[in-house]
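**Student:** Starting off with a structure, shown below.
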Amino acid sequence: MGHSTASFLLLSLLLLSGTSYLDTVTLGFCSADANVGCMDIERKALLKLREGLADPSDRLSSWVGVDCCKWRGIGCNKTTGRVDSLNLRNPYGDVSESDDGTLPALGGEINPSLIVLKDLVYLDLSMNNFGGLELPSFIGSLEKITYLNLSGASFGGVIPANLGNLSKLLHLDLSNNAVESDLRWLSSLSYLQFLNLGGANLTKAAPYWLPTVNMLPSLLELHLPGCGLSILPPTLPHINFTSLLVLDLSANGFNSTLSPWLFNLTELVNLDLSRNNLNGELPETLGSLTHLKNLDLSENSDIGGQLPRNLGMLCNLQSLKLSINKVTGEITEFIDSLSICTNSSLERLDLGFNRLTGNLPNSLGLLKKLRYLKLWSNSFQGSIPESIGNLTFLEEFYLARNKMGGVIPESFGQLSSLVAVDLSETTWEGVITEAHFLKLRSLKEVVIQQASQNISLVFNISSNWIPPFKLRYLILESCQLGPKFPAWLRNQTELVTVVLNNAKIADTIPDWFWQLDLLLDEINVAYNQLGGKLPNSLRFSYRGNADLSTNLFEGPLPLWSSNITTLYLRDNLFSGPIPSNIGDVMPSLLELDISRNGLSGSIPLSLGNLSLLTTMVLSNNYLSGEIPHFWNSIPNLYLLDMSNNSLSGTIPRSMDSLGSLLFLILSSNNLSGELPSLRNCTGMKSLDLGENKFFGNIPAWIGESMPSLLILRLSSNSFTGSIPSQLCGLSNLHILDLSQNNLSGHIPSCVGNLSGLKTSVFSDKDTSYLYQGKLKVVARRRVQDYGSTLYLVNSLDLSNNNLSGEMPRELTSLIKLWTLNLSMNHLTGVIPSRIGSMVGIESLDLSINQLSGSIPQSMVSLTFLSYLNLSYNKLSGKIPTGNQFNTLVPSVYEGNAGLCGFPLPDCQVNGGTPQGPSGGGEDTGFKMWGFIISMVIGFVMGFWGVCGSLVISKPWRKTYFHFTDKMIVACIRKYQGAQEI
C-alpha cells in the first residue's frame, strides 16, 4: 500500500473513532490529565497482566507506581482517566535480538483481567512470541475496541467466533499466526475497514469466503494471502465492498481464470493475485479500471493468453505487474497502447518471466514517468530503442535473459535517475564510451553478463575519465575492458562487488586499486591474464567471495580477511607451501579451491580449524607427505579433491566421520594400504582412488553403504580377489572403472542389475551439481578428461586384470552403456549373441582374451559403434558385414587366425580347401602333391639353415637370442602402453 493510501486510511480511522481516540493515538499513549488519575481497578488488572507475561528484556519495568497512565505502552482518556489503549508491540519487529543482545519479544500468558478495561479501544500485541498460545477468547468482550493487532505474535488454535461481537472494530490484523477459522463470525463487523488474516488456515471457509467478505461495506483493505482458499468464485451477483482500495489474494492456489468481478472494483489501488495458478486470457474489462493505480497479477504460474490491447484507457495506472506467468504476445502493440495517454501516470511496469516476443518500440520513450521497468526472462529481440533516453525518471531497468542484442544506444547516458541496470545473458555488440554514462549520476549497480563467451562488446573509455557516479555493484562478464586494468575505477571508493570476468585484461592489478581499501562482498577477475603478486590487505564483509582463477598470479598464497567464505585461486602460478596458519587467518571459509598451481610441501594442520568448510580442492599441485588426521573437526565437508599430487601413506580412518562427504577424489598419488571403512559416507556420489598403490580386496561395504554412488574408480592399483557382487546393488552407478589391478575370478552375472547403465538416471545438465571435479575415462584406447559432461558418460572398464570365465550374458542388458572395456584378461567362451542389443555402445574393446566362436551377427546393429577391438582372441568364422563393419581396418581382428572375410582375406570352403576353378582333377592332385613336397623341402632347408648355424656358432646364437629378447620386451612395452592408454 502506498503512502497516500496509508494516510487516507489512518485519517478515516481516526475520524470514525472519536475525539478521545484521536488524542490517544496522536500523543502516542500519553498520560492522563494531572487532575485525573489511573483507576485502581484498572491498575491492578494491568499488574495481573504483567505477572502472566514473560518479559526477558524488562520492557515493562516502568509498570510501577500509582498512576498506570504513565506506564510504558499505556494510554488513558484525558477526561475520564480510564485506560483506552494498550500498545505492547515488539519495538524491534521480527528480529530475534535487540541492539543490546536481549530478547525483546514478550511471551507467557495473557491474563483475562484485561476485560476490566471496559473503555479499551486500541490493543496491539503484535510481533511478540506467545509460543502457540490460543487467541484469548475474552478479547471478544472488549466491545469498544476499534483497533486490534495480534499479527506475528505466534498465536495458534481457532480464531474465537466471539470476535464477531466487536461491532465497532475498524482495524483487525491477525496475520502471520498459526490460526484457523471458517470466517462465519466476520459478517457482523460492518464497520471494518482493514482486515488482514494472511497465513491463516481458511480452507474451511473456501466455498463461501467471498460472500462473507462481501457483507463488509466499509472495507478498504483486504489481505488474505496464503490462506488456502483455493476457490476464486467466477461471479458475484452484487458487489457490496465497492470502496475497496487494496486486495491481496496471493498464494492461495486458485486454479481458475481471472474472475470478471475483480475488474468491477473500480476504486482499487493495489491488486495482488500473485503466486496462484490462474490461467486463461486477461479479460477485456481491464479497460474499465480507469481509477486503477496498481494492478499486480504476478507469479500466477498458469496465466496464459495474450496481452490485452485496450490498456490505453488506463491513463491513471501507476503500477502494472504481470510477472511470473505464461503471458504470450508481441510487445510492440502492447507498449504502443500504453503510450496512447498524453500524460501517462505509469511508474512501474513489470512483465518479467513470461513468454513475450517482439522488439521494444520507440513508443517506450513516451512513458516518461516510468521509474521501474522490468522485462527480464522473456523472448524479446532487437536492441534498446533510441528513445530510452527520454525516461529521465527511470531508476531500475532490467532486460536480462532475453534474446536481445545489437548496439546499446548512446542515449542511455541520458537516464539521469538510473540507479540499477541489468542487461545480462543477452548478446550486445559495439563500443561503450563515456557518452553511455554521461548523466548517470545516481548509478549504483551495473550488470552486463554476455550470453556468449565470445566477446563482442568493447569498453573504449579514456584512462583520464572520471565517472559521475559511485558504483556499489559492478558486474561485467565477457566484455572487453583490457588489455589494461580499467583506470576509471580509480575513484570508485564505494564498491562492494567487483566482477571483471573474462575481460581480456593482461596487466597487473595496480596499487591504487588495493589502496581504495574497499570492504568487499565479492571480487571476481577470473579468466584474464592478470599477473604479479597479491597483497594480504584485501578486506571482505560478512560472507565475502573471491575468485581469481585462471590468471597468472604468482608468489605465495595471499591470506585475506577473516570474513571471507569462498576462495578460488585455482589455475595460477602460486608457489611455495600452503601457509601454515591459513585455517587461523580465514576461519570462516566454506569453499577453498587452490588447485592447478605449483604449491609444495605438506598439507597444514590448521586446515582442520576450518570447521565450516564444505569444499576443499587441492588437486594438481606438488603436495607431499601424509594426509592429516583432522577430519573429525570438519563435519560439513562434502567435496574433497587432493588428486594429482605426491601424497603418501594411508587414507586416515577419521574420514569415516565425514557423513556429509559426497565426492572423494584422491587419484594420482602414492597412497597405499588397504581401504579403511567409509561406511558412514552413505551419501557418496563419486569415489575416485585411481592411480595409487592400494591393495587387498575391493571392500563389499562400497556396494552396501553407498547406495547413491554414481562413479566408482579404483583403476591402476594392486587390488586382488574377485569383484564383489555387492557392487551390483549400486543402482545409480554409471561409471565403473576397476581396470589395471590384479582382480581374478568371474565377472559377476549380476552386473546386469546396474540399472544406471540401463536407463538414463539423469537426463540433462541441470543435474551437474551431482558431479564435481574432472574424471579420466579410457575410451578408444585414449585417456579423456570429462568435467561438466560427466553426467553423459556411461562406462564399464574391467580391463588389464586376471578375470576369467565367460562374458556374462547379462551384460547385454546394459543398453545405455557407452564404453565397455574387458581387454587384457583371460575371458573364454563366446561373445554373447545378443550383444547387438547394447545399442548405446560407441567403444567396445574385448582384445587380448581367449574368446572363441564367431562374431555375432547382431553386432551389425551397433550403429553408434566408432571403436572396436577384437584382436588377439580365438575368434573364427566369417566377419559380419553391414553398417560400421564395412569401415573397419584389419588390425581390429589381428591375432584371430580363424577369422575371414572383409577386411581380411576371403573365407575358404570345403573343409579348408580354397575355393578355385572347376575341372582338372588329376592335374590338381599333381599340383597339390608338388606343393606339399616343396613345403617339406623348404621347411627342412630353412630350419637347419637357421637352427644349424645357431647350434654350431655360439656368437650367432648369442646375437640371435639377444635380438629375440629385445623384441619380446618391445612387445611387452607396446601392450603396456596400450594398457595405459
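**Student:** Among the numbered conditions (1) in the same structural domain as residue 587 (by TED's automatic domain parsing); (2) free of Cβ contacts under 8 Å to residues at least 12 places away in the same chain; (3) of a type outside the set (D, E, K, R), tell me where residue 546 comes up short.
**Tutor:** Here residue 546 clears every test but (2).
**Student:** Here is a follow-up. Please go through (1) more than 28 Å from residue 136 (Cβ to Cβ); (2) in contact (Cβ under 8 Å) with a residue 12 or more places away in the chain for residue 228 and return the number of the only condition it doesn't satisfy.
**Tutor:** The single condition residue 228 does not satisfy is (1).
**Student:** If you don't mind, there's one more thing I want to ask. Of all residues being within 28 Å of the chain's Cα centre (by Cα) and among the polar types (S, T, N, Q) in the range 645-665, which is surrounded by the fewest Cβ atoms within 10 Å (Cβ to Cβ)? Just the residue, please.
**Tutor:** Out of the qualifying residues, it is 660.
**Student:** Scan (1) under 20 Å from residue 44 (Cβ atoms); (2) touching a residue at least 40 places away in the same chain (Cβ under 8 Å); (3) of a type in the set (Gly, Ala, Ser) for the single condition residue 65 breaks and write down its number.
**Tutor:** Every condition holds for residue 65 apart from (2).
**Student:** Next question. Given the residues 812, 819, which is the only one that is more than 30 Å from residue 665 (Cα to Cα) and in the same structural domain as residue 759 (by TED's automatic domain parsing)?
**Tutor:** On the way: 819 fails: more than 30 Å from residue 665 (Cα to Cα).
Unique residue meeting the criteria: 812.
**Student:** Additional query: Which residue is farthest from residue 849 (Cα to Cα), if the candidates are limited to the range 871-908 and must be in contact with a Cys (Cβ under 8 Å, 6 or more places away or on another chain) and touching a residue at least 24 places away in the same chain (Cβ under 8 Å)? Talk me through it step by step, then tell me what you get.
**Tutor:** Here is the first cut: in the range 871-908, the residues in contact with a Cys (Cβ under 8 Å, 6 or more places away or on another chain) are 877-879, 900-901, 906-908.
With the extra rule that they be touching a residue at least 24 places away in the same chain (Cβ under 8 Å), the set shrinks to 877-879, 907.
Numbers: 877: 17, 878: 19, 879: 18, 907: 23 Å.
Taking the candidates together, the pick is 907.
**Student:** Would you pick out the residues in the range 420-463 that are more than 19 Å from residue 376 (Cβ to Cβ) and polar (S, T, N, Q)?
**Tutor:** Our first condition is that a residue be more than 19 Å from residue 376 (Cβ to Cβ); within the range 420-463, this holds for 429-442, 453-456, 458-463.
Scanning the range 420-463 gives 433, 442, 453, 454, 456, 460, 462, 463.
**Student:** May I pose another question? From 688, 737, grab the single residue that is touching a Lys or Arg at 6+ places or on another chain (Cβ under 9 Å) and more than 20 Å from residue 652 (Cβ to Cβ).
**Tutor:** Values: 688 fails: more than 20 Å from residue 652 (Cβ to Cβ).
One residue alone meets the criteria, 737.
**Student:** So which pairs qualify, if the first residue must be in the range 598-617 and β-branched (Val, Ile, Thr), the second must be exposed (fewer than 15 other Cβ atoms within 10 Å of the Cβ), the Cβ gap must be under 7 Å, and the two must be at least 6 apart or on different chains?
**Tutor:** Partner pairs satisfying both residue conditions: 603/625.
**Student:** Restricting to the range 327-352, name every residue that is part of a strand (DSSP E or B) and within 29 Å of the chain's Cα centre (by Cα). Working first, answer last.
**Tutor:** At the first step, the residues of the range 327-352 found to be part of a strand (DSSP E or B) are 328-330, 348-350.
Result: 328, 349, 350.
**Student:** Got a sec? Which strands (runs of 3 or more DSSP E) wholly within the range 503-610 have at least 3 residues that are more than 22 Å from residue 471 (Cβ to Cβ)?
**Tutor:** Numbers: elements: 519-524, 539-547, 552-555, 564-568, 573-577, 591-593, 598-601.
Filter on the range 503-610 gives 552-555, 564-568, 573-577, 591-593, 598-601.
**Student:** Continuing with this model, one more query. In the range 407-428, how many residues are more than 29 Å from the chain's Cα centre (by Cα) and not small (Gly, Ala, Ser)? Let's see the steps before the verdict.
**Tutor:** Within the range 407-428, the subset more than 29 Å from the chain's Cα centre (by Cα) is 407-418.
Restricting the remaining residues to those that are not small (Gly, Ala, Ser) gives 407-410, 412, 414-415, 418.
Residues in the range 407-428 being more than 29 Å from the chain's Cα centre (by Cα) and not small (Gly, Ala, Ser): 8 in total.
**Student:** Which of the strands (runs of 3 or more DSSP E) contained wholly in the range 168-254 include at least 2 residues that are assigned by TED's automatic domain parsing to the domain that holds residue 134 and out of contact with any Lys or Arg (no Cβ under 9 Å at 6 or more places or on another chain)? Write out each step before concluding.
**Tutor:** Numbers: elements: 171-173, 178-180, 194-196, 221-223, 246-248.
Fully inside the range 168-254 and qualifying: 171-173, 178-180, 194-196, 221-223.
Condition check ((1) among the aliphatic types (A, V, I, L, M); (2) modelled with pLDDT of 95 or more; (3) touching a Gly at 6+ places or on another chain (Cβ under 6 Å); (4) more than 22 Å from residue 436 (Cβ to Cβ)) across all residues:
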{"position": "331", "(1), (2), (3), (4)": "yes, no, yes, yes"}
{"position": "341", "(1), (2), (3), (4)": "no, no, no, yes"}
{"position": "398", "(1), (2), (3), (4)": "no, yes, no, no"}
{"position": "408", "(1), (2), (3), (4)": "yes, yes, no, no"}
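**Student:** Please verify whether the range 592-599 includes one or more residues that are surrounded by fewer than 20 Cβ atoms within 10 Å (Cβ to Cβ) and touching a helix residue (DSSP H, G or I) at 6+ places or on another chain (Cβ under 8 Å).
**Tutor:** no
**Student:** On the given criteria, is residue 181 of a type in the set (S, T, N, Q) and either at pLDDT below 95 or touching a helix residue (DSSP H, G or I) at 6+ places or on another chain (Cβ under 6 Å) (or both)?
**Tutor:** Considered against the rule, which asks whether it is of a type in the set (S, T, N, Q) and either at pLDDT below 95 or touching a helix residue (DSSP H, G or I) at 6+ places or on another chain (Cβ under 6 Å) (or both), residue 181 comes out as no.
**Student:** Identify the single condition in (1) over 16 Å from residue 54 (Cα atoms); (2) at pLDDT 95 or above that residue 89 does not satisfy, given that it satisfies every other one.
**Tutor:** It is condition (1) that residue 89 fails.
The rows are residues; the columns are (1) in the same structural domain as residue 633 (by TED's automatic domain parsing); (2) without any contact (Cβ under 8 Å) to a residue 12 or more places away in the chain; (3) of a type in the set (Ser, Thr, Tyr); (4) over 26 Å from residue 612 (Cβ atoms).
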| position | (1), (2), (3), (4) |
| --- | --- |
| 671 | no, no, no, yes |
| 683 | no, no, no, no |
| 686 | no, no, yes, no |
| 691 | no, no, no, yes |
| 720 | no, no, yes, yes |
| 736 | no, no, no, yes |
| 745 | no, no, no, yes |
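**Student:** Please identify the pairs in which a residue from the range 431-446 that is hydrophobic (A, V, I, L, M, F, W, C) has its Cβ atom under 7 Å from the Cβ atom of a residue that is part of a helix (DSSP H, G or I), counting only partners at least 6 apart or on another chain.
**Tutor:** Listed pairs, sorted by first residue: 435/410; 435/413; 437/413; 438/413; 440/413.
The values are calculated or read from the model by the stated rules, or taken from the named source; none is laboratory data. This is a predicted model, so every value here is computed, not measured. Cβ: placed from backbone, ideal geometry, glycine included. Neighbour counts: every protein chain shown.
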